[in-house]
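Every number in this text was worked out from the coordinates using simple rules, so none of it is lab data. Only a predicted model underlies this, so the values are computations on that prediction, with no experimental measurement involved. Cβ atoms come from the backbone with ideal geometry, glycine included; neighbour counts cover every protein chain shown.
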Amino acid sequence: MQLEGFMSFVKTVMEWIAGFFVIAIILLVLTIITFYVIDSTQKKHAIRHNFPVIGRFRYWFEHLGEFFRQYFFSMDREELPFNRAERTWVYRAAKNISRTQAFGSTRNLNQVGTVLFMNDQFPTQEENAVEAPPVMIGPYCRTPYLARSFFNISGMSYGALSKVAVEALSRGAARAGCWINTGEGGLSSYHLAGGGDVVFQIGTAKYGARDAEGKLNDDKLKEVAQHPQVKMIELKLAQGAKPGKGGILPAEKVTAEIARIRGIPEGEASISPNGHREIHNVGDLLDMINRIREVTGKPVGFKTVLGGEHFLFDLCAEIHKRGIEFAPDFITIDSADGGSGAAPQPLFDYVGLTLKESLPMAIDILQQQGLRDRIKVICSGKMINPSAVAWALAMGADFALSARGFMFALGCIQAMQCNKNTCPTGVTTHDPDLQKGLDITDKSVRVYHYHKNMVKAVGMIAHSCGVKEPRRLKRHHMRLVTETGLSTPIDKVHPYQENKIPTKNL
C-alpha cells in the first residue's frame with residue numbers, strides 16, 4: 001500500500017510538471033507570435049521588421065558585448081578607456097597584493113609616443129630616499145594649505161557617486177593623508193565623514209553655495225568654509241570629458257537628500273549651465289577668484305580644459321596688471337580624455353587638449369611669465385597608474401589627481417553604467433539594494449592601499465632615475481619614441497623655459 005501511494009504521488013507530480021511545461025510552451029508560443037506581429041508591423045527598427053523576433057537578439061548581444069569584451073575577447077593592452085593591464089594593477093594595489101609579473105612586458109615599447117623613463121646607473125639607495133615634502137598653496141590667503149600628498153582624489157560629486165562610495169573615499173583619503181574633491185554637487189556629510197582634507201568645488205550651477213536664482217551666495221559659501229576640513233576652493237570652468245558643457249545628473253539619481261544638498265527639486269534632472277554667468281573673460285575670472293578667497297580666507301583656484309595658449313597668456317597679462325597677490329592659488333588642468341558619469345559623445349571624443357599637450361603648455365607659459373612659483377599646477381585625466389603620475393610630476397606638475405583610479409579601488413568594473421543608476425558594484429548608483437554590495441570599511445582600506453602603493457611605485461620610478469623623491473623627476477629623465485622607432489629626449493620636444501618676466505614679493 002505504501003508503494004502504491006508513493007507511485008501515485010510520483011504520478012501526480014509528473015502530471016503536474018507535464019502540465020506546467022505544456023502551459024509554459026503555450027505561453028512561449030503566444031509570446032513569440034505576439035513579438036512576431038509587433039516586430040513585423042513596426043517601422044522604427046529595420047532589423048526587427050526584416051527579422052521578426054530573432055532580430056531582438058541583436059540589441060541584447062550589443063548590450064552584453066560591453067561586459068563580455070573585457071573578460072573574453074579583449075587583449076590585455078587594447079581596451080579603452082582603460083585596458084585590463086591598467087585595471088589589474090589598480091585592483092592588486094587596492095587589495096595590497098603582489099603587483100609583480102612574470103616573463104616580460106605586454107606593452108609595445110616601440111609604439112610612437114611611448115614614454116620611457118631613463119634609469120640611472122647608480123639608482124637612489126633606500127637609505128638615501130626621502131618622502132616628497134608637503135607643498136604650501138595660497139601664500140596670500142588668511143589660511144594657506146599645506147598639502148601633504150602629491151596624489152589625491154579628483155572631483156566626484158555625491159550624486160554621480162553613491163553615498164557609500166563617497167564615504168569610503170573620505171575615510172580612505174583621511175587614512176592616506178590625501179585630499180578628496182567634492183565635485184560640483186556640493187559638500188555632503190559623506191565627504192566629511194573620514195575627517196580628512198576636503199577641496200570644495202564650485203561648478204557652474206553653484207550647488208551647495210547658491211541662492212534661489214542659482215547665483216553664488218556668500219553666506220552659504222562661508223558656511224562651507226567654516227568646516228576646518230575644507231582646505232581649498234576650486235572653481236570649475238570646464239571638465240575633461242565635456243568642456244563647454246555643465247554637469248549632467250539624470251533625474252533618477254536626484255534623490256531627496258541630493259536635491260537638498262544641491263538646492264534643486266527632487267526627481268528632476270540636474271543640468272548645470274555650460275559656463276558661469278558672472279564670468280566672461282579673464283578679468284571676471286580673477287574677480288570671482290578673489291571674491292571667494294576674501295569670503296573664505298582659503299586658497300582658491302580653478303579647474304579647466306585647455307583649448308590653446310591664448311587663454312593662459314591673457315590670464316597672465318591680467319595678473320601682472322593687477323598684482324601677483326590677485327593670481328589664482330592653483331590651476332587644475334584636466335585632460336580631454338578625462339572621465340564623467342554622463343557626457344555627450346561629441347565632447348567626449350573631439351573637444352579639448354589631452355594632458356600630454358596641455359600640461360607642458362601650461363607649465364611653460366607660467367614659467368615664461370614668472371608665475372610658476374606663485375601658481376601651483378594640479379593635473380588630472382587617466383592618472384590611474386604610477387607611470388602616468390610620474391610623467392606628470394616630471395613634466396612639472398605639483399600634484400596629480402585621479403577619479404577613476406579610486407573608483408577602481410572601490411570595486412568599479414568599468415561596466416559603463418554610471419549614467420543609468422544601475423552600477424552593479426554600488427559605486428555610482430542610488431539603488432539601496434545595489435549599494436549593499438559596497439562595504440564602507442573594506443573599501444576605505446582599499447582606497448588607502450591604492451594610494452599608498454601608488455606613492456610607493458612612483459617613488460620606485462624616481463629612485464630608478466637616480467633622484468631622492470618623485471618631485472625631483474624632470475623632463476630630462478624621460479624619452480619619447482618617435483616615428484623612426486628610436487626615442488628622443490622629452491626636454492627636446494618640450495624644452496625647459498626661462499623666467500622672462502621677473503616677479504616681486506614671492
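Things worth noting here:
- Cα gyration tensor shape of region 212-315, rounded if a/c is under 1.5, else prolate or oblate by comparing a/b with b/c: oblate
- Of the peptides 211-223, 10-22, the order by per-residue mean of other Cβ atoms within 10 Å, starting with the highest, comes out as 211-223, 10-22.
- Descending by average beta-carbon neighbour count within 10 Å, the peptides 86-94, 463-471, 396-404 line up as 396-404, 86-94, 463-471, the highest first.
- The calculated Kirkwood hydrodynamic radius for the chain is 25.1 Å, given to one decimal from all distinct C-alpha pairs.
- Region 414-506: Rg to Rh, with Rh as the Kirkwood radius over Cα pairs: 1.21
- Whole-Hz ³J(HN,Hα) from phi, Karplus 6.51 cos²θ - 1.76 cosθ + 1.60, for region 252-264, glycine and proline x: 5, 9, 8, 7, 4, 5, 5, 4, 5, 5, 7, x, 9
- Note, ³J(HN,Hα) from phi for region 88-96, Karplus 6.51, -1.76, 1.60, rounded to Hz, x at Gly and Pro: 4, 4, 5, 4, 6, 5, 5, 7, 6
- Square roots of 5 times each gyration tensor eigenvalue, C-alpha, region 145-204, largest first, Å: 17, 13, 9
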